[in-house]
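Novice: Sharing a structure with you now.
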There are 2 protein chains.
Amino acid sequence: MSRVVKKRKLDEIRQDRLYFDSYSDVTIHEEMIADHVRTNTYRMAILRNSESIRGQVVLDVGAGTGVLSIFCAQAGAKKVYAVEACSIAEQAMKIVKHNNMEDRIEVIRGTVETVDLPETVDVIVSEWMGYALLHESMLNSVLYARDKWLKPGGVILPSKAELYITPMIDPVVEDRLHFWYTVKDQYGVDMSCMCDFARKCVMNSDITVNSVTCEDVLSHPARFAELDLYSVTPEELRSVKGQFRCESFGSSAVNAFCVYFTVTFPCPDNTPPSLVLSTSPCKPETHWKQAVLYLDAPVEVVQDTPITGEVIMYPSEENARHICIHVDYSIGEQKQQSKTFSIPDWSSEAQS
Amino acid sequence: MSRVVKKRKLDEIRQDRLYFDSYSDVTIHEEMIADHVRTNTYRMAILRNSESIRGQVVLDVGAGTGVLSIFCAQAGAKKVYAVEACSIAEQAMKIVKHNNMEDRIEVIRGTVETVDLPETVDVIVSEWMGYALLHESMLNSVLYARDKWLKPGGVILPSKAELYITPMIDPVVEDRLHFWYTVKDQYGVDMSCMCDFARKCVMNSDITVNSVTCEDVLSHPARFAELDLYSVTPEELRSVKGQFRCESFGSSAVNAFCVYFTVTFPCPDNTPPSLVLSTSPCKPETHWKQAVLYLDAPVEVVQDTPITGEVIMYPSEENARHICIHVDYSIGEQKQQSKTFSIPDWSSEAQS
């Protein structure tokens, strides 16, 4: 395992190469397009906002295969600049041509921080959300584009992001740990003394990307941060934090926190319901799944046990594209605990 | 993805650190112990060979949690040296103590190439097999131990390894590629032109570790190599090769080769049936699954179409612990094709 690698600071150019390389493979694009919740919500949001888009100029930040750019052209955009840094841009060009939209969509290979557009834009669309919302730090690029290229009064799709936390029980982890007690019956060797070591390995300080089932969520979610994409600054993204308070539904062991996000699209004329892309464990699954943060050991709660604390999310010192999540928390009468979580180093490589 | 990293030659010490680190985490040990085919076959083989083990001295090469050492002690070994290079050795010590076997099992932390045993041994036991048998090159350590520590006439468990290849169809890959034709119906964007790019990405030159189902195997398996652990030399492991000839069961597309292995344990008094640990796709699944080698494009075959060629397995130049598989093959009337496969760089990191 890459503990050796993890300690080493990657220089920024190299970080960017690793990051953009991870999107060159088809798998991640297939996963994103096949994610119906993601792709359909963007499609509906773009079509619903067609009054803001029709006859206007759009910038798609991190366009990937160009699907959102095509939705914007279908919604009547006069011109779409589809900016994409990695080699998937070549596929986006083919797809745009294949859909006879070369006259309206211009795919530009480059980072949004370095490309030169011939004009400012009326609308920015971007699917920038990473695991736990902020992993990969792509929102910084959207804010850069906003400050440099968006006309005053322009529209950003989506326009708001919210972060939530809930206590949870992961029964799979408890089953995995129990396994060591079953070895004696299976093979005549008592391995129960492995359980402590196994708990240290499994309930470590990695941010684990996992599908959490709604039944394993132990309270109503607590929103701990909200980002208004019209006003949030890159400086504010260096530390996104907020307090939370939950009350347990009933008797259970808590062995983790679940962190997830929603993004909201602007509503023309503010006619509700607003369109929300939710990655809640109690909504249909998306490719983002949920971020699971394991405690060092399970804690028992009963109905209405208060679970309170503060979450701070910030970029890792070793790699600014990697997110860290620090949680200070108290469960019931327990004194305050702290744990800092980070995305394991291999994740960005393995996902491609 | 780490194409950047892949090109760089890792120095040997660093390679070893990465390799041994990958076994420090509990997950791989849990997976190995929970693999009933693996653990039960070793257990039965050790108990069946108890006549060779009772009252004798055993060396367990790469002992991990020490489970095979304990089986040997249960089979009556006078003394077992459990040599393990990575920190899981500490857990092995605890487990040995927990099972009251400290008098018979000595866990020694170190590589078998560097440890100093107080005596030569009568038996070597080792579970050294990696993906596609030879990935991780641990067999070299067993041969080193054999040449340095095994008494003349000593026993090696297992004593033989065999490699097999079969043509196969992976229908999941074909479904994945077909996905791009379905995007238009789902979202009104024609992405069928992505299919060629997707095929290049998916049917690449990685050795893919996957569970192959028996129905997707398209011929009887062809054995292309056999290693006798008593006589094979480290030099011979630098290029393990053999020819194969298969005949297709019926009409199908072939889009990959499947490579798998068996190991065989010695039979006391040569009383059959000999005990075989098989990773065949037509036998119960093991944690090794199968190694899948994708062709660049599917090829149609009919009943009895001959599929012939040669396989060469050798250590990667970048990292001697990583295996490469080169296949020269002809399918029916097709002229000979060649493709070289390797284990993707992140695999050893992701698996822990």
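Novice: For A:R54, what accessible area in Å² do you get when you roll a 1.4 Å probe over the heavy atoms of the protein chains, rounding to the nearest 10?
Specialist: For A:R54, the solvent-accessible surface is approximately 140 Å².
Novice: Just to be sure I understand: of the beta bridges DSSP finds with both ends in chain B, what percent are antiparallel, rounded to 5? Write out the running numbers ahead of the final one.
Specialist: Values: 54 of 73 bridges.
That works out to approximately 75 percent antiparallel.
Novice: Add +1 for every Lys or Arg and -1 for every Asp or Glu among the other residues with Cβ under 12 Å from the Cβ of B:L177, and state the total. Please report the intermediate quantities before stating the final value.
Specialist: Values: positive: B:R176, B:R199, B:K200; negative: A:E30, B:D170, B:E174, B:D175, B:D196.
Summing Lys/Arg as +1 and Asp/Glu as -1 gives -2.
Novice: Tell me what chain A gives for mean residue ellipticity at 222 nm when only DSSP H runs of n ≥ 4 count, each as -39,500 (n - 2.57), the sum divided by the residue total, rounded to 500 deg cm²/dmol. Mind showing how you got there, number by number?
Specialist: Values: 12 runs with 104 residues, N = 352.
Calculated mean residue ellipticity at 222 nm is -8000 deg cm²/dmol.
Novice: Moving to a separate point now. Using the Cα centre as the reference, give the magnitude of the dipole from point charges on the C-beta atoms of the stretch A:162-342 (Lys, Arg: +1; Asp, Glu: -1; all else neutral), rounded to the nearest 20 debye.
Specialist: On the way: 13 positive and 25 negative charges, 43 e Å.
It works out to roughly 200 debye.
Novice: Seen from all sides and averaged, what is the projected area of the convex hull of the Cα atoms in the stretch B:74-214, in nm²?
Specialist: Details: hull surface 56.0 nm².
With every direction weighted equally, the projected area is 14.0 nm².
Novice: Sequence-distant or interchain residues sharing an amide H contact under 5 Å with A:L275, placed H: which?
Specialist: A:F265
Novice: In a solvent-free Debye calculation with one equal scatterer on each Cα, what is log10 I(q)/I(0) for the stretch B:38-103 at q = 0.17, 0.25, 0.29 Å⁻¹, listed in the order of the q values?
Specialist: Normalising to I(0) and taking log10 leaves -0.53, -1.10, -1.32.
Novice: Taking amide H atoms as placed 1.01 Å from N in the peptide plane, list the residues 5 or more away in sequence, or in a different chain, whose amide H sits under 5 Å from that of B:V107.
Specialist: B:A82
Novice: Among bridges DSSP assigns within the stretch B:3-157, what percent are antiparallel (round to 5)? Before the final figure, lay out the partial values.
Specialist: Details: 1 of 19 bridges.
Counting only bridges with both partners in the stretch B:3-157, antiparallel ones make up about 5 percent.
Novice: Here's something else I'd like to know. When the Karplus curve 6.51 cos²θ - 1.76 cosθ + 1.60 is applied with θ = phi - 60°, which whole-Hz ³J(HN,Hα) does each residue of the stretch B:120-131 get, with x for Gly and Pro?
Specialist: Karplus-based 3J(HN,Hα) across the stretch B:120-131 equals 7, 10, 8, 9, 10, 10, 7, 10, 10, 6, x, 4 Hz.
Novice: At 1.4 Å probe size, with the rest of the protein present, what percent of the exposed accessible area of the stretch B:3-157 is carbon and sulfur atoms?
Specialist: Values: 2980 of 5990 Å².
Reported share for carbon and sulfur atoms: 50 percent.
Novice: Just name one of A:P118, A:V302, A:M191: the one whose Cα is farthest towards the positive end of the charge dipole of chain A (beta-carbon charges, Lys/Arg +1, Asp/Glu -1).
Specialist: A:P118
Novice: When the dipole is taken about the Cα centre of the protein assembly as shown, and only Lys, Arg (+1) and Asp, Glu (-1) are charged at their Cβ, what size is it in debye, to the nearest 20? Spell out each step's value before the answer.
Specialist: On the way: 68 positive and 98 negative charges, 101 e Å.
Dipole of the protein assembly as shown, to the nearest 20 debye: 480 debye.
Novice: Please name which of B:H287, B:Q334, B:S248 has its Cα lying farthest along the dipole of chain B towards the positive end, using unit charges on Cβ (Lys, Arg +1; Asp, Glu -1) and the Cα centre as origin.
Specialist: B:H287
Novice: If you average 1/r across every pair of different Cα atoms in the stretch A:207-278 and take the reciprocal, what Kirkwood value do you get, in Å? Let's see the in-between values first.
Specialist: Details: mean 1/r = 0.0656 Å⁻¹.
After inverting the mean inverse Cα-Cα distance, the result is 15.2 Å.
Novice: Which value, in square angstrom to the nearest 100, describes the accessible area buried between chains B and A on both sides, using a 1.4 angstrom probe?
Specialist: Working: alone 16940 and 16930 Å², together 28860 Å².
So the buried area, both faces added, is about 5000 Å².
Novice: Dipole magnitude of the stretch A:239-335 about its Cα centre, charges +1 at Lys/Arg Cβ and -1 at Asp/Glu Cβ only, in debye to the nearest 20? Display every interim value, and only then the final one.
Specialist: Working: 6 positive and 11 negative charges, 53 e Å.
Approximately 260 debye in magnitude.
Novice: So for the protein assembly as shown: antiparallel DSSP bridges make up what percent, rounded to the nearest 5?
Specialist: Within the protein assembly as shown, antiparallel bridges account for around 75 percent of the total.
Novice: State the dimensionless ratio Rg/Rh of the protein assembly as shown (Rg: radius of gyration of Cα atoms; Rh: Kirkwood radius). All intermediate terms of the calculation are to be shown ahead of the outcome.
Specialist: Working: Rg = 28.3 Å, Rh = 28.1 Å.
With Rh from the inverse mean 1/r over Cα pairs, Rg/Rh is 1.01.
Novice: Would you mind giving the three semi-axes, in whole Å and largest first, of the ellipsoid equivalent to the stretch A:3-157 according to its Cα gyration tensor?
Specialist: Numbers: eigenvalues 137, 59, 46 Å².
Equivalent ellipsoid semi-axes, largest first: 26, 17, 15 Å.
Novice: Hey, another quick one. Could you give the length gained by full extension between B:Y181 and B:T111, i.e. 0.36 nm per residue of separation minus their alpha carbon distance, to one decimal place? Could the numbers behind the result be given before it?
Specialist: On the way: separation 70, 0.36 × 70 = 25.20 nm, distance 5.26 nm.
Gain on stretching B:Y181 to B:T111: 19.9 nm.
Novice: Could I ask something else about it? If you look at just the Cα atoms of the stretch A:162-342, how large are its Rg and its Dmax in Å?
Specialist: Just the Cα atoms of the stretch A:162-342 yield Rg and Dmax of 18.4, 70 Å.
Novice: Now for a separate question. For peptide A:176-184, compute the average count of partner chain beta-carbon atoms within 10 Å of each residue's beta-carbon. Present the calculation step by step, with values, prior to reporting the outcome.
Specialist: Details: counts 4, 2, 0, 4, 6, 0, 2, 7, 1.
Mean shielding by partner chains, rounded to a whole number: 3.
Novice: Give a residue-ordered list of calculated ³J(HN,Hα) values for the stretch A:320-336 (Karplus: 6.51 cos²θ - 1.76 cosθ + 1.60, θ = phi - 60°; whole Hz; x for Gly, Pro).
Specialist: Rounded to whole hertz, the list is 5, 7, 9, 8, 10, 10, 9, 10, 9, 8, 10, 10, x, 7, 4, 6, 4.
Novice: Over chain B, calculate the relative contact order: mean separation of alpha carbon pairs under 8 Å at least 6 apart, over the residue count, as a percent.
Specialist: Numbers: 737 pairs, mean separation 66.7, N = 352.
The value is 19 percent.
Novice: Let me ask something else. Rounded to whole Å and sorted largest first, list the principal axis extents of the Cα atoms in chain B.
Specialist: Projected onto its principal axes, the Cα set of chain B covers 71, 43, 35 Å.
Novice: State log₁₀ I(q)/I(0) for the stretch A:77-133 at q = 0.17, 0.18, 0.22 Å⁻¹ as given by the Debye formula over alpha-carbon point scatterers of equal weight, solvent excluded.
Specialist: Debye intensities relative to I(0), on a log10 scale: -0.62, -0.69, -0.98.
Novice: Apply the Karplus curve 6.51 cos²θ - 1.76 cosθ + 1.60, θ = phi - 60°, to the phi angles in the stretch B:101-112 and return the couplings in whole Hz, x for Gly and Pro.
Specialist: Coupling constants for the stretch B:101-112: 10, 4, 6, 10, 10, 10, 7, 10, 7, x, 8, 5 Hz.
Novice: Another question about this same structure. Mind ordering A:184-194, A:79-89 by average Cβ neighbours within 10 Å, highest first? Working shown, then result.
Specialist: On the way: A:184-194: 17.3, A:79-89: 23.6.
Descending mean neighbour count gives A:79-89, A:184-194.
The values are calculated or read from the model by the stated rules, or taken from the named source; none is laboratory data. In this text, all values refer to a predicted model and were calculated from it rather than measured experimentally. All Cβ positions, even for glycine, are placed from backbone atoms using ideal geometry, and neighbour counts span all protein chains on display. Protein only, heavy atoms only, side chains kept; ligands, DNA and RNA dropped before computing areas. Shrake-Rupley method; radii C 1.70, N 1.55, O 1.52, S 1.80 Å.
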